[in-house]
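What follows is one structure encoded as structure tokens, with my remarks underneath.
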Ligand SMILES: [Mg+2]
């Protein structure tokens, strides 16, 4: 069965849900205890599933995307994000 953006998207939502649960646990607002992955591990799971979306979408649409291309896009976006975060923290 070929994976689609829809199936990958649902997996992303699952991972973000697991991250939300770990954040709730980290604040002590639940009886549950932290899983082995914790906030950092669940964040990484979410990132991996988002990267999977890039691969699946690219493959299904004949877009050739390399790791270098992704890093170039990420660098530009990170620079924007860094600038935004700097302005927020220096208000
Ligand atoms: Mg997970």
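For residues that are modelled with pLDDT of 95 or more and in a loop (DSSP other than H, G, I, E, B), tally how many sit in segment 1-29.
Going through segment 1-29 one residue at a time, the tally reaches 1.
Cβ-Cβ under 9 Å, sequence separation 6+ or interchain: first residue in segment 37-57 and touching a residue at least 12 places away in the same chain (Cβ under 8 Å) and at positive phi, partner within 14 Å of the ligand (Cβ to nearest atom) and part of a helix (DSSP H, G or I). Which pairs?
38/22; 38/25
Conditions tested, residue by residue: (1) within 16 Å of the ligand (Cβ to nearest atom); (2) under 27 Å from residue 5 (Cβ atoms); (3) not in a helix (DSSP H, G or I).
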site	(1), (2), (3)
31	no, no, yes
47	yes, yes, no
63	no, yes, yes
82	no, no, no
85	no, no, no
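Report whether or not residue 40 is exposed (fewer than 12 other Cβ atoms within 10 Å of the Cβ) and part of a helix (DSSP H, G or I).
yes
The values are calculated or read from the model by the stated rules, or taken from the named source; none is laboratory data. What you are looking at is a predicted structure, and each value in this text was computed from that prediction instead of being measured. A quick note on method: Cβ atoms are made from the backbone with ideal geometry, for glycine too, and the neighbour counts reach across all protein chains shown.
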